[in-house]
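The values are calculated or read from the model by the stated rules, or taken from the named source; none is laboratory data. Model, not experiment: these values are computed from the prediction. Here Cβ is always computed from backbone atoms with ideal geometry, including for glycine, and neighbour counts include all displayed protein chains.
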Amino acid sequence: MLEARGLTIRFGGMTAVNNVSLSVAQGELVGLVGPNGAGKTTLLRLLTGVLAPHAGAVHFENHDVTRMPIHRRARLGCVLTHQIVRPFREMTLLDNVTLAAGHDLTRRPWVALAKVDASRARERAYEGLRSVGIADAADKAARSVPLGYLKRLQVAMALALQPRLLLLDEPLAGLNYHEAERFSDLLQGLNSDGLTLLLVEHNLGEVLRIAKRLLVLDAGQLLAHGDPSEVMARPDVRRAYLGEAHA
(Lines give C-alpha, C1' and ligand atoms only; values in the text may rest on other atoms or scores of the structure.)
Protein backbone atom coordinates (compact mmCIF):
# COMPACT_ATOMS: atom_id res chain seq x y z
CA MET A 1 0.00 0.00 0.00
CA LEU A 2 2.77 2.44 0.97
CA GLU A 3 6.36 2.23 -0.20
CA ALA A 4 9.27 4.59 0.37
CA ARG A 5 12.70 4.22 -1.18
CA GLY A 6 15.82 6.12 -0.18
CA LEU A 7 14.08 9.01 1.58
CA THR A 8 16.52 11.74 2.61
CA ILE A 9 16.01 15.25 3.92
CA ARG A 10 18.48 17.77 5.34
CA PHE A 11 17.98 20.88 7.45
CA GLY A 12 21.06 23.03 7.09
CA GLY A 13 24.02 20.77 7.79
CA MET A 14 21.95 18.12 9.60
CA THR A 15 20.56 15.07 7.82
CA ALA A 16 17.29 14.37 9.65
CA VAL A 17 16.27 11.34 7.56
CA ASN A 18 19.01 9.46 5.75
CA ASN A 19 18.26 7.00 2.92
CA VAL A 20 15.26 5.35 4.59
CA SER A 21 13.30 2.67 2.75
CA LEU A 22 10.17 1.02 4.12
CA SER A 23 6.85 -0.47 3.12
CA VAL A 24 3.43 -0.93 4.70
CA ALA A 25 1.10 -3.63 3.39
CA GLN A 26 -2.66 -3.41 3.31
CA GLY A 27 -4.22 -4.42 6.63
CA GLU A 28 -1.09 -3.95 8.74
CA LEU A 29 -0.77 -2.08 12.02
CA VAL A 30 2.85 -0.94 12.03
CA GLY A 31 4.63 0.86 14.85
CA LEU A 32 7.37 3.37 14.00
CA VAL A 33 9.48 3.92 17.11
CA GLY A 34 12.88 5.20 18.15
CA PRO A 35 14.61 7.41 20.71
CA ASN A 36 14.03 11.16 20.91
CA GLY A 37 15.43 12.96 17.88
CA ALA A 38 15.51 9.85 15.74
CA GLY A 39 13.57 11.54 12.91
CA LYS A 40 10.24 9.76 13.28
CA THR A 41 7.96 12.77 12.87
CA THR A 42 10.08 14.09 10.01
CA LEU A 43 9.78 10.74 8.26
CA LEU A 44 6.02 10.76 8.77
CA ARG A 45 5.84 14.23 7.23
CA LEU A 46 7.81 13.02 4.23
CA LEU A 47 5.43 10.09 3.78
CA THR A 48 2.37 12.34 3.89
CA GLY A 49 3.53 15.38 1.91
CA VAL A 50 4.03 17.91 4.70
CA LEU A 51 7.69 17.92 3.66
CA ALA A 52 9.33 17.18 0.30
CA PRO A 53 12.45 14.96 0.33
CA HIS A 54 15.82 15.99 -1.09
CA ALA A 55 16.19 12.43 -2.39
CA GLY A 56 14.07 9.31 -2.64
CA ALA A 57 10.50 8.49 -3.61
CA VAL A 58 7.14 7.66 -2.02
CA HIS A 59 4.47 5.53 -3.67
CA PHE A 60 0.93 5.04 -2.38
CA GLU A 61 -1.18 2.34 -4.05
CA ASN A 62 0.93 2.53 -7.23
CA HIS A 63 0.76 6.35 -7.37
CA ASP A 64 4.03 8.26 -7.25
CA VAL A 65 3.14 10.83 -4.58
CA THR A 66 6.67 12.08 -3.88
CA ARG A 67 5.87 15.67 -4.90
CA MET A 68 2.14 15.51 -4.22
CA PRO A 69 0.85 17.89 -1.47
CA ILE A 70 -0.81 16.53 1.64
CA HIS A 71 -4.40 17.40 0.63
CA ARG A 72 -4.11 15.47 -2.64
CA ARG A 73 -2.67 12.43 -0.83
CA ALA A 74 -5.59 12.62 1.61
CA ARG A 75 -8.02 12.44 -1.32
CA LEU A 76 -6.24 9.28 -2.46
CA GLY A 77 -6.80 7.78 1.00
CA CYS A 78 -3.50 8.52 2.77
CA VAL A 79 -4.42 10.60 5.86
CA LEU A 80 -2.29 12.02 8.69
CA THR A 81 -3.23 12.97 12.26
CA HIS A 82 -0.92 15.28 14.21
CA GLN A 83 0.43 15.05 17.73
CA ILE A 84 -1.10 18.40 18.71
CA VAL A 85 -4.86 18.47 18.12
CA ARG A 86 -6.07 21.72 16.55
CA PRO A 87 -9.83 21.59 15.95
CA PHE A 88 -12.03 24.64 15.47
CA ARG A 89 -12.35 25.17 19.19
CA GLU A 90 -15.54 27.28 19.17
CA MET A 91 -17.37 24.72 17.00
CA THR A 92 -19.03 21.61 18.36
CA LEU A 93 -17.45 18.22 17.93
CA LEU A 94 -20.21 17.33 15.47
CA ASP A 95 -19.58 20.46 13.40
CA ASN A 96 -15.84 19.79 13.31
CA VAL A 97 -16.38 16.30 11.92
CA THR A 98 -19.15 17.51 9.59
CA LEU A 99 -16.68 19.93 8.05
CA ALA A 100 -14.32 17.03 7.34
CA ALA A 101 -17.12 14.76 6.12
CA GLY A 102 -18.32 17.47 3.74
CA HIS A 103 -14.90 18.16 2.23
CA ASP A 104 -16.20 17.50 -1.28
CA LEU A 105 -18.71 20.32 -0.81
CA THR A 106 -16.29 22.85 0.63
CA ARG A 107 -13.06 22.39 -1.31
CA ARG A 108 -14.44 24.30 -4.34
CA PRO A 109 -16.26 27.57 -3.50
CA TRP A 110 -18.74 27.37 -6.38
CA VAL A 111 -19.80 23.88 -5.27
CA ALA A 112 -20.15 25.05 -1.65
CA LEU A 113 -22.40 27.90 -2.77
CA ALA A 114 -24.57 25.64 -4.90
CA LYS A 115 -24.88 22.76 -2.42
CA VAL A 116 -25.79 23.87 1.07
CA ASP A 117 -27.47 20.66 2.26
CA ALA A 118 -25.03 19.13 4.75
CA SER A 119 -27.46 16.56 6.16
CA ARG A 120 -25.58 13.55 4.77
CA ALA A 121 -22.29 14.94 6.00
CA ARG A 122 -23.80 15.43 9.48
CA GLU A 123 -25.09 11.86 9.49
CA ARG A 124 -21.64 10.58 8.58
CA ALA A 125 -20.09 12.87 11.19
CA TYR A 126 -22.33 11.58 13.98
CA GLU A 127 -21.54 8.01 12.97
CA GLY A 128 -17.84 8.89 13.10
CA LEU A 129 -18.18 10.28 16.62
CA ARG A 130 -20.08 7.17 17.66
CA SER A 131 -17.40 4.90 16.19
CA VAL A 132 -14.69 6.55 18.31
CA GLY A 133 -16.83 6.60 21.45
CA ILE A 134 -17.58 10.32 21.93
CA ALA A 135 -21.07 10.72 20.46
CA ASP A 136 -22.26 11.74 23.93
CA ALA A 137 -20.34 15.02 23.50
CA ALA A 138 -21.43 15.72 19.91
CA ASP A 139 -23.01 19.08 20.80
CA LYS A 140 -20.22 20.28 23.07
CA ALA A 141 -17.70 22.89 21.91
CA ALA A 142 -14.25 21.50 21.22
CA ARG A 143 -12.75 23.97 23.72
CA SER A 144 -14.83 22.45 26.55
CA VAL A 145 -13.86 18.77 26.30
CA PRO A 146 -10.76 17.05 27.76
CA LEU A 147 -7.71 15.98 25.79
CA GLY A 148 -8.87 12.37 25.49
CA TYR A 149 -11.98 13.53 23.65
CA LEU A 150 -9.93 15.81 21.39
CA LYS A 151 -7.66 12.92 20.45
CA ARG A 152 -10.69 10.84 19.49
CA LEU A 153 -12.20 13.83 17.68
CA GLN A 154 -9.11 14.02 15.50
CA VAL A 155 -9.47 10.36 14.58
CA ALA A 156 -13.17 10.90 13.78
CA MET A 157 -12.23 13.81 11.50
CA ALA A 158 -9.62 11.65 9.78
CA LEU A 159 -12.11 8.80 9.34
CA ALA A 160 -14.55 11.26 7.73
CA LEU A 161 -12.05 11.53 4.87
CA GLN A 162 -12.51 7.78 4.29
CA PRO A 163 -8.83 6.83 4.51
CA ARG A 164 -7.36 3.51 3.49
CA LEU A 165 -4.12 4.29 5.30
CA LEU A 166 -4.08 6.32 8.52
CA LEU A 167 -0.76 7.66 9.81
CA LEU A 168 -0.77 8.88 13.42
CA ASP A 169 1.91 11.03 15.06
CA GLU A 170 2.10 10.29 18.79
CA PRO A 171 -1.66 9.92 19.37
CA LEU A 172 -1.12 8.78 22.98
CA ALA A 173 0.92 11.83 24.02
CA GLY A 174 -0.57 13.50 27.09
CA LEU A 175 -2.94 10.64 27.93
CA ASN A 176 -2.80 8.81 31.25
CA TYR A 177 -2.33 5.06 31.49
CA HIS A 178 -6.01 4.13 31.25
CA GLU A 179 -6.77 6.65 28.49
CA ALA A 180 -3.79 5.42 26.47
CA GLU A 181 -4.91 1.83 26.85
CA ARG A 182 -8.45 2.61 25.70
CA PHE A 183 -7.20 4.70 22.79
CA SER A 184 -4.89 1.87 21.72
CA ASP A 185 -7.87 -0.48 21.85
CA LEU A 186 -9.70 1.90 19.53
CA LEU A 187 -6.83 1.84 17.04
CA GLN A 188 -6.66 -1.93 17.22
CA GLY A 189 -10.40 -2.11 16.54
CA LEU A 190 -10.08 0.16 13.49
CA ASN A 191 -7.33 -2.07 12.19
CA SER A 192 -9.45 -5.18 12.78
CA ASP A 193 -12.17 -3.51 10.69
CA GLY A 194 -9.73 -3.26 7.78
CA LEU A 195 -8.00 0.12 8.19
CA THR A 196 -4.23 0.10 7.65
CA LEU A 197 -2.31 2.04 10.33
CA LEU A 198 1.21 3.42 10.69
CA LEU A 199 1.75 4.66 14.23
CA VAL A 200 4.56 6.88 15.55
CA GLU A 201 4.52 6.62 19.32
CA HIS A 202 6.80 6.88 22.38
CA ASN A 203 4.54 4.71 24.54
CA LEU A 204 6.39 1.47 23.82
CA GLY A 205 4.17 -0.60 26.06
CA GLU A 206 1.06 0.14 24.01
CA VAL A 207 2.88 -0.08 20.67
CA LEU A 208 4.24 -3.51 21.55
CA ARG A 209 0.76 -4.58 22.65
CA ILE A 210 -1.07 -3.69 19.44
CA ALA A 211 1.48 -3.46 16.60
CA LYS A 212 1.91 -6.41 14.27
CA ARG A 213 5.26 -5.14 13.02
CA LEU A 214 7.83 -2.66 14.25
CA LEU A 215 10.13 -0.20 12.47
CA VAL A 216 12.94 1.32 14.55
CA LEU A 217 14.52 4.61 13.51
CA ASP A 218 17.76 5.89 15.01
CA ALA A 219 19.69 9.01 14.00
CA GLY A 220 17.60 9.31 10.86
CA GLN A 221 18.26 5.78 9.65
CA LEU A 222 16.20 2.59 9.76
CA LEU A 223 17.87 0.45 12.38
CA ALA A 224 15.58 -2.60 12.50
CA HIS A 225 12.20 -3.94 11.42
CA GLY A 226 10.16 -7.05 12.00
CA ASP A 227 8.29 -8.82 14.80
CA PRO A 228 7.99 -6.40 17.75
CA SER A 229 9.31 -8.71 20.47
CA GLU A 230 12.24 -9.86 18.33
CA VAL A 231 13.13 -6.33 17.28
CA MET A 232 13.11 -4.98 20.84
CA ALA A 233 15.35 -7.85 21.97
CA ARG A 234 18.11 -6.84 19.55
CA PRO A 235 21.26 -5.43 21.23
CA ASP A 236 21.56 -2.56 18.74
CA VAL A 237 17.96 -1.49 19.40
CA ARG A 238 18.45 -1.66 23.16
CA ARG A 239 21.66 0.33 22.75
CA ALA A 240 19.84 3.03 20.79
CA TYR A 241 17.26 3.38 23.55
CA LEU A 242 19.32 2.81 26.67
CA GLY A 243 22.89 3.66 25.73
CA GLU A 244 25.95 1.42 25.64
CA ALA A 245 26.30 0.99 29.41
CA HIS A 246 22.76 -0.35 29.88
CA ALA A 247 22.25 -2.23 26.61
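Does at least one position in the range 166-184 carry a residue that is outside any strand (DSSP E or B), closer than 23 Å to Leu76 by Cα and small (Gly, Ala, Ser)?
No, the conditions are met nowhere in the range 166-184.
Does the range 127-140 contain any residue that is among the acidic types (Asp, Glu) and in a helix (DSSP H, G or I)?
yes
Does Thr8 satisfy being touching a Cys at 6+ places or on another chain (Cβ under 7 Å) and outside the structural domain of Leu150 (by TED's automatic domain parsing)?
When the stated conditions are applied, Thr8 does not pass them.
With the structure loaded, tell me whether Leu44 is surrounded by 19 or more Cβ atoms within 10 Å (Cβ to Cβ) and in a helix (DSSP H, G or I) or whether it fails that test.
Yes; evaluated as a whole, the condition is true for this residue.
Surrounded by fewer than 21 Cβ atoms within 10 Å (Cβ to Cβ) and not in a loop (DSSP other than H, G, I, E, B), is that true of Gly37?
Taking the combined requirement at face value, the residue does not satisfy it.
Among the residues of the range 47-90, count how many are assigned by TED's automatic domain parsing to the domain that holds Ser23, aliphatic (A, V, I, L, M) and assigned to a loop (DSSP other than H, G, I, E, B).
The number of residues fulfilling the criteria is 5.
How about the range 173-197: which of its residues are in contact with a Gly (Cβ under 8 Å, 6 or more places away or on another chain) and either buried (at least 18 other Cβ atoms within 10 Å of the Cβ) or not charged (D, E, K, R) (or both)?
Leu175, Phe183, Leu186, Asn191, Gly194, Thr196, listed by residue number.
Can you tell which of Leu190, Leu214 is in a helix (DSSP H, G or I) and at pLDDT 95 or above?
Result: Leu190 is the single residue among Leu190, Leu214 that is in a helix (DSSP H, G or I) and at pLDDT 95 or above.
Could you please tell me which pairs satisfy a Cβ distance under 6 Å, a separation of 6+ or placement on different chains, a first residue in the range 185-198 that is within 21 Å of Leu44 (Cα to Cα) and of a type in the set (D, E, K, R), and a second residue that is modelled with pLDDT of 95 or more and in a helix (DSSP H, G or I)?
Hits for this filter: zero, empty list.
For the range 1-20, enumerate the residues that are touching a Leu at 6+ places or on another chain (Cβ under 9 Å) and within 22 Å of Arg239 (Cβ to Cβ).
Matches in the range 1-20: Ala16, Val17, Asn18, Asn19, Val20.
So is Gly31 assigned to a strand (DSSP E or B) and under 23 Å from Leu187 (Cα atoms) or not?
Yes.
Which residue out of Leu105, Leu94 is modelled with pLDDT of 90 or more and not assigned by TED's automatic domain parsing to the domain that holds Asp218?
Result of the check over Leu105, Leu94: Leu94.
Tell me which residues, restricted to the range 74-99, are surrounded by 23 or more Cβ atoms within 10 Å (Cβ to Cβ) and either closer than 16 Å to Pro163 by Cα or in contact with a Lys or Arg (Cβ under 7 Å, 6 or more places away or on another chain) (or both).
Correct list: Cys78, Val79, Leu93, Val97, Thr98.
Farther than 16 Å from Ile84 by Cβ and either in the same structural domain as Ser229 (by TED's automatic domain parsing) or without any contact (Cβ under 8 Å) to a residue 24 or more places away in the chain (or both): which single residue out of Leu204, Leu172 fits that description?
None of the other options fit; the residue is Leu204.
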